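There's a structure below that I have some questions on.
Read-outs: derived from the displayed coordinates by stated rules, not from any lab. No experiment lies behind these values; they were computed from the predicted model shown. Glycine also receives a Cβ, built like all others from the backbone with ideal geometry; neighbour counts cover every protein chain displayed.
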Ligand SMILES: [Fe+2]
Ligand SMILES: [Fe+2]
């Protein structure tokens, strides 16, 4: 089994523990949605597609497991590290890259490393395009505009 598949199997099992069916569906849709967006961006930017997808699969898991978004990016980075160490599917350097991206993913108004930015942008694509009839949130507008420009879409 490939390591992305192995990670997804782990994440699926965690998400399947969410009792509320609506919350469970939206959690699954978001993690897989950001994972796809991140992969597209990684292809476009010449970055590692697998690590991008892995970071996306883990990025909000702490919020879904705890039911709270309080400090979820920083706590989520710690959770991601413990999962990746348990599964033993990444090198120390890869684990650091994934966890740093998760740590910074909620800092949408500042610019961090290329992988951090890729995860933020993947998150914004899912937020803005899962229902394109809804207005883009003000705090995500600038980032969304620049992603559309990069991808050549309006
Ligand atoms: Fe988040
Ligand atoms: Fe997210």
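Count, please, the residues in the range 7-24 that happen to be more than 14 Å from residue 63 (Cβ to Cβ) and part of a helix (DSSP H, G or I).
Count: 8.
Restricting to the range 104-116, name every residue that is under 16 Å from residue 44 (Cβ atoms) and crowded, with 20+ Cβ neighbours inside 10 Å.
Let us first name the residues in the range 104-116 that are under 16 Å from residue 44 (Cβ atoms), namely 114-115.
If the condition is that a residue be under 16 Å from residue 44 (Cβ atoms) and crowded, with 20+ Cβ neighbours inside 10 Å, then 115 is the only one that fits.
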